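Sharing a structure with you now.
The values are calculated or read from the model by the stated rules, or taken from the named source; none is laboratory data. Values in this document were obtained by computation on a predicted structure and should not be read as measured data. Here the Cβ positions follow ideal geometry from the backbone for every residue, glycine too, while neighbour counts run over all protein chains shown. Protein only, heavy atoms only, side chains kept; ligands, DNA and RNA dropped before computing areas. Shrake-Rupley method; radii C 1.70, N 1.55, O 1.52, S 1.80 Å.
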Amino acid sequence: MRIGIAGAGRIGAYHAATLKGLPVVDEVVLADALPEAASRVAGELRLEAVPDVEALLDAGLDGLVIASPTTTHDAMIRAGVAAGVPTFCEKPVAAELSSALALAQLERSTSVPIHIGFQRRFDAGYMRARQAVVDGELGFVHTVRATTLDTAPPPEEYIKVSGGLFRDCSIHDFDIIRFVTGSEVRTAYAVGANKGEPYIGGAGDIDTGSGVFVLEDDTVVTFSATRHNAYGHDVRMEVHGSTGDIAVGLDDTLALVSAEPGVAFPAGPTVRSFMDRFLPAYQRELATFVEVVRGERPSPCTVYDGLQAQRMAEACDLSRREGRVVPLAEIPDVEPAS
Ligand SMILES: NC(=O)c1ccc[n+]([C@@H]2O[C@H](COP(=O)([O-])OP(=O)(O)OC[C@H]3O[C@@H](n4cnc5c(N)ncnc54)[C@H](O)[C@@H]3O)[C@@H](O)[C@H]2O)c1
């Protein structure tokens, strides 16, 4: 199998190494807007590089992995689908809600599978939490808390095209809230502030945000995110039910110090980045994409799923700017697939 990667930056280089390690993948081909970036990563990993994305799509691919900036996802997904190549695209689906809506329509009209990259769906802890909900282990779920605290902000160039904290970072929590609870959002309320890097505020963005969702099944969900948690990359979820509780990310790597006397938990060391935290999840995610490419299963995370997470981000941004509770029904949607 021959897989192409568009974008050889942070996550593109990481996915290249993961794909190279999958036994069913014979060849990985890289392209980047900066040909030297593709050549460098290809050189380091002993893979093939081509000069541009056009050449990549002409390279006889079985599958395409899009790891270029969010602002390019719309055009890249369209190019992959037009070439008839099963396409994996990193989150979020697109920079603009209008693009995500149009791509969800495109997904309806094509037989080419599109898989959106929310790796938490393949993380052992989140999968266990989902199973606990499905199996009724927790009774009825009333409260969920979701957290993503990053060690340090990405560079200014990334922030400018990221879509903002909710669309770029919290969107992982938004997707996994739907995945674990199996419920959609009814209302959103969110706030945010910026006490760190001036370039984040300068881009109209926030470095710290938090919010509350009420789900269609009346579960109350809180989420929080920051770009400034130097002690460790802290990604967690707590699911509380009438008869049980379960926590994702509650192990010795937890980036917290107990204030209780004599308590040695968590013993550390903390995780530094999403790459350390989610390596097995990324491996399972791309192995699953390979199964999609082989026609062995449908996309496990569709554009429709990506659109729903994006609508949650959109509602949070609107809520933050207007200081009010936003019903998700205000945010444009497509009909769910029948
Ligand atoms: N799932 C995750 O955990 C995760 C983690 C990090 C990033 N991401 C997503 O992956 C995407 C890339 O993020 P990153 O951190 O790797 O960014 P990055 O800036 O490190 O890398 C992006 C690369 O794409 C290249 N590029 C720019 N325009 C291009 C184009 N038109 N065609 C081909 N290549 C182009 C750039 O030169 C750069 O090498 C973003 O959408 C981001 O949201 C997902």
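At 7 Å along Cα-to-Cβ for each site, give me the label-to-label distance between Tyr158 and Val212 in nm.
3.2
Whole number please: convex hull volume per residue, Cα atoms of the chain, in Å³.
Spread over its residues, the Cα hull of the chain gives 144 Å³ apiece.
Lysines within cross-link reach of Lys195: Cα-Cα under 19 Å, excluding same-chain residues under 8 positions apart?
List returned: Lys160.
How much length is gained if the chain between Glu322 and Arg2 is pulled fully straight, taking 0.36 nm per residue apart and subtracting their Cα-Cα distance, in nm to one decimal?
Details: separation 320, 0.36 × 320 = 115.20 nm, distance 4.77 nm.
The Glu322-Arg2 span can extend by a further 110.4 nm.
What spacing in nm lies between the two simple spin-label points modelled at Glu291 and Ser242, each 7 Å away from Cα in the Cβ direction?
According to this spin-label approximation, the distance is 3.4 nm.
In nm, give the distance between the simple-model label positions of Arg40 and Ala124, each being 7 Å from the Cα along the Cα-to-Cβ direction.
In this crude label model, Arg40 to Ala124 measures out at 3.4 nm.
Roughly speaking, to the nearest percent, how much of the chain's 1.4 Å accessible area is carbon and sulfur?
Solvent-exposed carbon and sulfur of the chain make up 54 percent of the total.
Using the beta-carbon distance between Val134 and Glu260 and R0 = 45 Å, what value does 1/(1 + (r/R0)^6) give for FRET efficiency, to the nearest 0.05? Walk me through the intermediate numbers first.
Values: r = 34 Å, r/R0 = 0.75.
With a Förster radius of 45 Å, E is 0.85.
Taking N as the number of residues in region 65-212, what value does Rg over Cα atoms divided by 2.2 N^0.38 Å take? Before the final figure, lay out the partial values.
Values: Rg = 17.0 Å, N = 148, 2.2 N^0.38 = 14.7 Å.
With N residues counted in region 65-212, Rg over 2.2 N^0.38 Å equals 1.16.
For a quick check of your reading of the filter: which chymotrypsin sites (Phe, Trp or Tyr not before Pro) in region 193-276 sit in a DSSP loop and have no more than 15 other Cβ atoms within 10 Å?
Tyr231
May I ask for the net charge around Glu157, where only other residues with Cβ less than 15 Å from the Cβ of Glu157 are counted and Lys, Arg are +1 while Asp, Glu are -1?
Net local charge, Glu157 excluded: -2.
Restrict the search to region 113-210; then list the trypsin sites (Lys or Arg not before Pro) that DSSP places in a loop and that have at most 14 other Cβ atoms within 10 Å of their Cβ.
Lys195
Let me ask something else. Ordering Val220, Val144 from largest to smallest accessible area (1.4 angstrom probe), what's the sequence?
Details: Val220 65, Val144 0 Å².
So, going from the largest accessible area down, we get Val220, Val144.
At 0.36 nm per residue, and after removing the present C-alpha to C-alpha distance, how many nm does the segment from Ala17 to Ala55 gain when stretched out fully?
Length gained, Ala17 through Ala55: 11.6 nm.
Expected output is a single nm value to one decimal: the length gained when fully extending between Thr110 and Glu330, i.e. 0.36 nm times separation in residues minus the C-alpha distance. What is it? It would help to have the intermediate numbers written out before the result.
Working: separation 220, 0.36 × 220 = 79.20 nm, distance 2.77 nm.
My answer for the length gained is 76.4 nm.
Check each of the trypsin sites (Lys or Arg not before Pro) in region 1-72 and keep only those in coil by DSSP with at most 10 other C-beta atoms within 10 angstrom; list them in order.
Within region 1-72, the qualifying trypsin sites (Lys or Arg not before Pro) (loop, at most 10 other Cβ atoms within 10 Å) are Arg46.
Then there's this: Lys20: which aspartates and glutamates have alpha carbons under 17 Å from its alpha carbon, excluding same-chain residues fewer than 8 sequence positions away?
Lys20 reaches Glu44, Glu48, Asp62, Glu285, Glu291.
How big is the dipole moment of region 118-200 about its Cα centre under a simple scheme where the beta carbon of each Lys and Arg is +1, that of each Asp and Glu is -1, and everything else is neutral? Debye, nearest 20, please.
Here the size comes out at about 220 debye.
Looking at the chain, do any whole DSSP H helices span at least 24 angstrom along their long axis by alpha carbon and average -1.0 or above on Kyte-Doolittle, and which?
Result, helices passing both filters: 303-322.
Among residues other than Val239 whose Cβ falls under 11 Å from its Cβ, what is the net charge (Lys/Arg +1, Asp/Glu -1)?
Within the 11 Å Cβ shell, the charges total +1.
If you count the DSSP beta bridges with both ends in the chain, what percent of them are antiparallel, to the nearest 5?
That works out to approximately 55 percent antiparallel.
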